[in-house]
Amino acid sequence: MLNQYPLWKYLLITVFLVFGVIYALPNLYGDDPALQVTATRMSQIDETTRDRVLKVLDDKQIPYKSFKLLRDSFLVRFANTNDQLKAYDGVKAELGNSYVSALNLAPATPDWLKEFNARPMYLGLDLRGGVHFLLEVDMDAAVTQAVARYVDDIRSTLRDKKIRYLTINDRDEQVEVRFRDAELRSQALELIKSEYRGLDIEEAERDGSLFLFARLNQQEQLETRKFALKQNITTLRNRVNELGVAEPVIQQQGDNRIVVQLPGIQDTARAKEILGATATLEYHMEDDKHDLQPALNGRVPVGSRIYKGRDGRPVLLYKRVIITGDQIIDASSGLDETGSPQVSVTLDSKGARKMSHNTRDNVGKRMAVVFIESKVETKEVNGVRTKVRSRVEEVISIAVIRGHFSKRFQTTGLDSSEEARNLSLLLRAGALAAPIEIIEERTIGPSLGQDNIDQGFASVVIGFTFVLVFMVLWYKGFGFVANLALTLNLVFIVAILSLLQATLTLPGIAGIVLTVGMAVDANVLIFERIREELRVGNTPHASIHAGYEKAFSTIADANVTTLIAAMVLFGFGTGPIKGFAITLSIGIITSMFTAIMGTRAVINLSIGSKNIKSLSI
């Protein structure tokens, strides 16, 4: 009885071997320090941009390895980080805020491997260094803000249809409209029902007044919460792009949480300030028809409200909002004629139309800019951890409208150039749909990341070496075959992680180390079964055949149970646990292939057709 595989099995193993080598190779070439420049909404990457950057590099005599122009960005590679940092400073000064410049590590993969779309796997924060945040979205605030938007919409709808009402407010997460008589209330009820299908509306009478109460129905609340989460993810992604972070991770976790990982960022305070801020602007006209003093005494005119400036002085403004930060499409910081910080604002078409109408009709009157910031903090109140919401509203600028303008104008009254830069960044990236709270943060330094890489690599090498030595000493020639399969198993794991563009973390390395030990278990079971067959007097070829056939069910049982455990870890675990589960699962699958089919193919090729009397086992 001779041991031979059919030709198709040898071809299949060869295809997998070539596949593994090609997709694992990019990880051997390392990375080049690089500078990546990306266009913003108000700029574009073209030949002129390239010439400006190349001129900076030539003037500063900064050598570079290559320059690649992409569709909406370009990448400059350098030989070392010193040249990279010099180029970053020079290019940043030349291009200004019109472009986003980011320090990057570009894979040094050869072009012939890129033809196969072979790329190295990503390294997680614990291996590369950076900042990790877990953010929680205030969903109650999202619903409250949605109700506030309905107040303005319903007010406009009733005015357009000339249905008179006494007051309209938002209170206790519902819109409250008060009417003088029942007929007007009935007309409003029918109109609101037909226009706003996301509201549950009910009639009521209180203290002799007639009311309509409108509350978001369950489906509308669910949609509002989903939208708030998606909008916040989009806004955070825009803000991270403005920060100039390469390869960030921004993803949803659960129903109300967002994970943000910023590789290479070490300034946690700066990142927290930009990510967590909900700053926006509102533009209001000053109420010049009423005196301020009666309003301070409690007689605030209908349609107006008292705001405070940064110096603490009160200002009486109309409640009607001319434009909000949502209608700002671009903003840049700078200095005005007096050297004071300012933000130059560009509006979208809708905002420009509103501003044009307002300034055309109000030349000579004063318009105020209100800065709004919402925060959520968890504090202990009477021994109980409670979410405390705060909202800061202050007038940062109030000035006379000197002439008619619409799309572009300047906002002044800011405290510092740093505040102007931060405000312009937030306005460009957009406002958060709901406040967020940072409930977890971790910072990993680049030196610690390199230490993790070195120690993780050393653990794999040490474990791998011990297994290799043991297998050769215990199983002799067959031990060499098992070691070959173990090496191929590592190659396959790296290849699959690279093909999936998975992120390798320290727990992922732990999964690989565990796989190294588990991968050889299958060969131990097979080889011990072959030994038993030899002891009872079977021929070498019969013993090999029986060893693989009889050990298969045991190997399958052991690996399937471990695979189920890994799937449970992946399903219920968080980021680091998922990384461990992924590498463990991949290792189990590849180890079964290499330990069973791989070693059998090598043994069949070496001794399968020979008439042998003994085995080196």
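Listed values, structure above:
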quantity: Filtered residue count, region 104-161, keeping only those that are in contact (Cβ under 8 Å) with a residue 24 or more places away in the chain, closer than 30 Å to Leu236 by Cβ, surrounded by fewer than 19 Cβ atoms within 10 Å (Cβ to Cβ) and basic (Lys, Arg); calculated: 1
quantity: Search result, residues across region 173-187 that are of a type in the set (A, V, I, L, M) and crowded, with 16+ Cβ neighbours inside 10 Å; calculated: Val175, Val177, Leu184
quantity: Filter pass, Ala87 being modelled with pLDDT of 85 or more, crowded, with 20+ Cβ neighbours inside 10 Å and either farther than 30 Å from Leu347 by Cα or not assigned by TED's automatic domain parsing to the domain that holds Val100 (or both); calculated: yes
quantity: Residue identified as at pLDDT below 85 and farther than 26 Å from Ala142 by Cβ among Arg206, Arg197, Arg171; calculated: Arg206
quantity: Among the candidates Ile274, Ile250, Ile265, Ile258, residue that is surrounded by 13 or more Cβ atoms within 10 Å (Cβ to Cβ), at pLDDT below 80, of a type outside the set (D, E, K, R) and not in a helix (DSSP H, G or I); calculated: Ile265
quantity: Residue satisfying condition, being under 30 Å from Ala502 (Cβ atoms), in contact (Cβ under 8 Å) with a residue 40 or more places away in the chain and loosely packed, with under 13 Cβ neighbours inside 10 Å, within set Gly20, Gly30; calculated: Gly30
quantity: Meets criteria (in contact (Cβ under 8 Å) with a residue 24 or more places away in the chain and more than 34 Å from the chain's Cα centre (by Cα)) for Ala204; calculated: no
quantity: Residue in region 289-309 that is at pLDDT below 80 and under 18 Å from Ile398 (Cα atoms) present; calculated: no
quantity: Qualifying residues in region 306-341 (those that are among the charged types (D, E, K, R) and in contact with a strand residue (DSSP E or B) (Cβ under 6 Å, 6 or more places away or on another chain)) - the one surrounded by the most Cβ atoms within 10 Å (Cβ to Cβ); calculated: Asp330
quantity: Residue tally, condition touching a residue at least 40 places away in the same chain (Cβ under 8 Å) and either outside any helix (DSSP H, G or I) or not aromatic (Phe, Trp, Tyr) (or both), over region 455-478; calculated: 8
quantity: Residue list for region 494-536, filter: outside any helix (DSSP H, G or I) and either over 23 Å from Thr465 (Cα atoms) or of a type in the set (A, V, I, L, M) (or both); calculated: Leu500, Gln501, Ala502, Thr503, Leu504, Val536
quantity: Count of residues meeting criterion [at pLDDT 85 or above and farther than 22 Å from Lys86 by Cα] in region 23-65; calculated: 7
quantity: Single residue of region 537-591 satisfying the filter (in a loop (DSSP other than H, G, I, E, B) and of a type in the set (Ser, Thr, Tyr)) that is nearest to Ser614 (Cα to Cα); calculated: Thr539
quantity: One residue from Phe552, Phe527 being surrounded by 16 or more Cβ atoms within 10 Å (Cβ to Cβ) and closer than 21 Å to Trp474 by Cβ; calculated: Phe527
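The values are calculated or read from the model by the stated rules, or taken from the named source; none is laboratory data. Small disclaimer: the values here were computed from a predicted structure and weren't measured. When we count neighbours, we look across all protein chains shown, and the Cβ atoms used for this are built from the backbone with ideal geometry, even at glycine.
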